[in-house]
1. Heavy atoms only, probe 1.4 angstrom, no DNA, RNA or ligands counted: give me Met1, Met256 ranked by accessible area, highest first.
2. Which distance in Å, rounded to a whole number, links the C-alpha centroids of the range 77-149 and the range 1-32?
3. If you build the Cα gyration tensor of the range 108-166 and take the root of 5 times each eigenvalue, what three semi-axes come out, in whole angstrom, biggest first?
4. Could you work out the relative contact order of the chain, using alpha carbon pairs under 8 angstrom and six or more residues apart, expressed as a whole percent?
5. List the residues, sorted by chain then number, that are 5 or more residues from Tyr56 or on another chain and whose placed amide H is less than 5 Å from its amide H.
6. Return the carbon/sulfur percentage of the accessible area of the chain, one whole number, probe 1.4 Å, all protein chains in place.
7. Would you kindly compute the Cα radius of gyration of the range 33-182 and its largest Cα-Cα separation (Dmax), both in Å?
8. Taking the chain as a Gaussian network, Cα atoms linked when under 10 Å apart, which of Ile371, Ile75, Ile335 shows the biggest mean-square fluctuation?
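The values are calculated or read from the model by the stated rules, or taken from the named source; none is laboratory data. Values in this document were obtained by computation on a predicted structure and should not be read as measured data. Reconstructed Cβ throughout: ideal geometry from the backbone, glycine too, with neighbour counts over all protein chains shown. Please note that ligands, DNA and RNA were not included when accessible areas were found on the heavy atoms of the full protein model with its side chains. Shrake-Rupley method; radii C 1.70, N 1.55, O 1.52, S 1.80 Å.
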Amino acid sequence: MKVLVIGVNTRPVVNSAKKLGYEVYSISYYNPVDLNADKKEYLINDKYHGCFRENYNEKELLSLAEYYVDDIDCIFVCSGIFESKHSKTPDWNVVGNPPKKIKRMSNKYYITKKLENLGCSVPTTYIAYNYSQLEKYLYDLKSIVVKPICGSGGINVHSITLNTFTDKLYNLLKNLEYPVIVQEMITSDSFSASFVGSNFITFNKQIIKNNMYVGNITPYVPKLKTNNKGVQCIVDSFREVIESFDLAGMNGIDFMIKDGAPIIIELNPRILGTFETIELSSNKNLVKYMIENSENQGFSSCGDLKPKTQYMKRILFAEQKLICRIEKQQNIFDIPMYDAIIEKNEPLATAIGKNNDEINKAVDSISKMVINYEIKQRRDI
């Protein structure tokens, strides 16, 4: 079988497909050395990663993919594709939701209102078409989250409260690309529920930093004001959401806790960041499970895919401009090419382990395999 995987980072899905003996094509932004594709097309400069927001080009990724789509059997879509209001939506044979549905489901305002109509608990949500409207909602709600109508990963999401409002925030908000979504701020950890088709897989805890997804813990059952039977009721209600939107393949429901009950924040209608922690925790091949689930109307020879052992994932970011010399070793993934230059605040590598000790050990190892760019430049003069 020939499989194509497209997205910002395809490494987890590509490597899973390769374990099945498939011929795998990767179309991605990043190109880590531990990406095991048979054919790779990517946008990153291997020696100088630059800044993601300035260099990411979804249109170019789709153009690269068009060279291969007629020769492959199925396509897996990861984050960053079909999630913009400007996204083109080709008629592809996708394992999961087709491009047009991914794009439609990525409209956060549309989804929130649909969820509200279904009787789901959602944050108080408005659209602000200009700064004056945003300011009014801020004074009404006191604490708000401002986000683009479409997008993923927490990019361009801002948390604002009246008592922390500054001139810097004022200038940022005045220069936003309007319209934007304005939601009440909920004081809670972030969680998600992962599904394949209508099959519930697991709850996860999302690790969020500066409103951006930087990792997760799988499995992780949030503390709710309910008993075990009540948790199953929540699973059933989430399953009804998946079925109401007629979603296929891998999907996620992001939620927070308010007054002991889940509040749905958004839906993710494509491969999730929890993909590899689910695989590790369940010791099952998720690509195989997804293909068989799609072909066999919800059934797979993998049996129940239930995560058991808890795994943690953390995406590490450069705290200053670095020269990367990370070598392959246990618990370290998404490794840049040797001597690649990584800008401050850009992704550096991913640490995955069973507990904090394994994560901290991986982080410590990574810290010893990078060089401060500015210090090295001064030494070389």
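1. Working: Met1 95, Met256 30 Å².
Largest accessible area first, the residues go Met1, Met256.
2. The range 77-149 and the range 1-32 have Cα centres spaced 27 Å from each other.
3. Working: eigenvalues 89, 39, 24 Å².
Ellipsoid semi-axes (Å, largest first): 21, 14, 11.
4. Numbers: 789 pairs, mean separation 57.7, N = 381.
That works out to 15 percent.
5. Counting only residues 5 or more places away or on other chains, the set is empty.
6. Numbers: 8490 of 18540 Å².
Carbon and sulfur: 46 percent of the exposed surface of the chain.
7. Here Rg and the maximum Cα pair distance are 18.9, 57 Å.
8. It is Ile371.
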